[in-house]
Structure formats: C-alpha cells, structure tokens
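Everything on this sheet refers to the single structure shown next.
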Amino acid sequence: MLKKWILRFIAGLGFFIVALLITAPASIIESLLVKNITSVSVQGTSGGLWSGQFQKVAHRKIALKQLKWNLSLTSLFTGNIGADLSVNDPLFNGELTLEKGFSKVSLSDINAQQSVSALARHWLPFQLLAPEGKLIWKDVSISISSTDTTSVFNEAVGSIEWQNASLNINGTTVSLGTVFFQLSTDNEDLLITVSDNNSVLDIQGTLRFSMNRKYHLELSLSDDLPVNLKNAIQMMARPDGNGRLTFSLPGRI
C-alpha cells in the first residue's frame, strides 16, 4: 500500500511540475535570454513558456520581428530542448526547427526567404555592389558539435536559391537570373558551392565558413565579358590562363 501511495505522489508531483511549465509565462524565456546574452534586447513578449512570441528581438546591429516559438513536450524526456520557430522579417521570413543537446545544436527544416538588399546592409563588401533579389531556403539543415575548447560544423544539407539576382558593377546593372548555393561540410567547416544558370558572369565557386567566424569566398567568372564589366572586375580578379577570372576574399564576420 505504501509503495502505491509513493508512486501516486511521484506521478502527481510530475504532473504538477509539467502543468507549471506549460502555464509558465513567456517572460521566463525573455529573462534567460537577456541574462545570458547581454547584447540581446527583447520587446513585446506574449504567450507562455511553451508557446509564445517576441514582437522584436535585437542582437547587436541585427533586429528580427515577430519571432514565435513552440517548444516540444518530448524535450522533457529526451534531455534535448526542441522548438519550432518562425520569424516574419525581411532579414528572415520563414520557419525552422531548433534542437539543443548537451554538445550539439541542430537547425533543421529551414524553409524561408530573405531580402538580399536587407542582408547586404550588414556586409559592406556586398553592399557596395547594390544587390537585389531574394534568397529562398529549401529544406536546409545544419548541425554544430561543441566541446569545452572548440565548435565545428558536422552536417549541412539543403539548398538556397538567389532568385531574380542582380548586381551593380561599375554603374552597370548585371542580371544573374538565379544563383544556386548547395550546402555541405568540409574539414569541419560549412562549405557552400556557388553556381548560376549561365548568366553573363558564369559564376562558379565556394564560400567557406568556420566556427571561429572566419569566411573565405573564392569565385571564378567568365573572361568573355563586355569591356566595361571586364575592366571593373579585373580590378578585383585576375586571369587564370584558362578563360576565367578568379576572385578571392577572406574575412571575418
């Protein structure tokens, strides 16, 4: 009889704790964010711990509007924190799934669109080219593993399309059609293979990101270009002897 009452007490206590978590206010998440990441500010918190919304979340110079979340109840039993997120902002308009474990962070099922001109405001080298169009994320998944000393990319799949892409080069607007970005990993870096659909530039190359915030953009372009474009591009690129112009830009974000 005593064992039965102990089991009932434990079950009742468990349901009580779950009920508290489910009905807890979303302000708990706001407090945790602001306390652990001092550069984050939050406005317009509503909803609860398991399902809520921030009207605006800002981190340094980046601000996102209408960030909504739905936490997974299975997180209580797996030891991982899982949530479905959605954002409605020109910088990112779409949905994804976030899962955080003891040593791994996964972003999966990313389907979204982004304004290229809005993104360019946060990267000066790209901003100078006055890019237009939108990025379409299609079933992208990225996972990162961490230890006490380092973090690495251990998986990346999916594709991103830059639709209606255009650049302004030396005063001339150049249409690129659609530029394709295919995600993968290489030597624990995120590797993005870049190509276009036979635009006048005929872009081919890679963009590499490391977890230490370094990136390296390597592109090759067609050498058979209109004179005004070729003169402008040759200021940044060099011929490779095989009918291509090569371009390399390392940096840090």
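Rule-based calculations on the coordinates, nothing more; no lab input. Worth saying up front: this structure is predicted, and the values here are computed from it rather than measured. Using ideal geometry, Cβ is built from the backbone for each residue, glycine included, and neighbour counts are taken over all protein chains shown.
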* Collect residues whose amide H, placed 1.01 Å from N in the peptide plane, falls under 5 Å from the amide H of LEU49; neighbours closer than 5 in sequence don't count. => ALA24, ALA26
* Give a residue-ordered list of calculated ³J(HN,Hα) values for region 211-216 (Karplus: 6.51 cos²θ - 1.76 cosθ + 1.60, θ = phi - 60°; whole Hz; x for Gly, Pro). => 6, 8, 6, 8, 9, 8
* **Cut-off under 5 Å, modelled amide H: who pairs with THR185 long-range** => ALA156, LEU191
* Asked: Counting other C-beta atoms within 10 Å, which of LEU128, LEU91 has the fewest, and how do the rest follow?
  -> LEU128, LEU91
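By counting other Cβ atoms within 10 Å of each Cβ, how are LEU229, LEU96 ranked from fewest to most?
LEU229, LEU96
Per residue Cα convex hull volume for region 103-252, in cubic angstrom?
Each residue corresponds to 115 Å³ of Cα convex hull volume.
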* Fewest to most neighbouring Cβ within 10 Å: what's the order for PHE102, PHE209? -> PHE102, PHE209
* Asked: In whole Hz, what ³J(HN,Hα) sequence does region 86-92 give by Karplus (6.51, -1.76, 1.60; θ = phi - 60°), x for Gly and Pro?
  -> 9, 9, 10, 8, x, 5, 7
* Asked: Given the convex hull of the Cα atoms of the chain, what is a quarter of its surface area in nm²?
  -> 16.7 nm²
* Count charges around ILE160 for me, please; just the other residues with Cβ under 12 Å from its Cβ, Lys/Arg as +1, Asp/Glu as -1. => 0
* Structure fact -> Per-residue ellipticity at 222 nm attributable to helices in the chain (runs of n ≥ 4 DSSP H, -39500 (n - 2.57) apiece, nearest 500 deg cm²/dmol) works out to -5500 deg cm²/dmol
* Cβ under 13 Å from ASN111's Cβ, ASN111 left aside: what net charge do those residues give with Lys, Arg +1 and Asp, Glu -1? -> -4
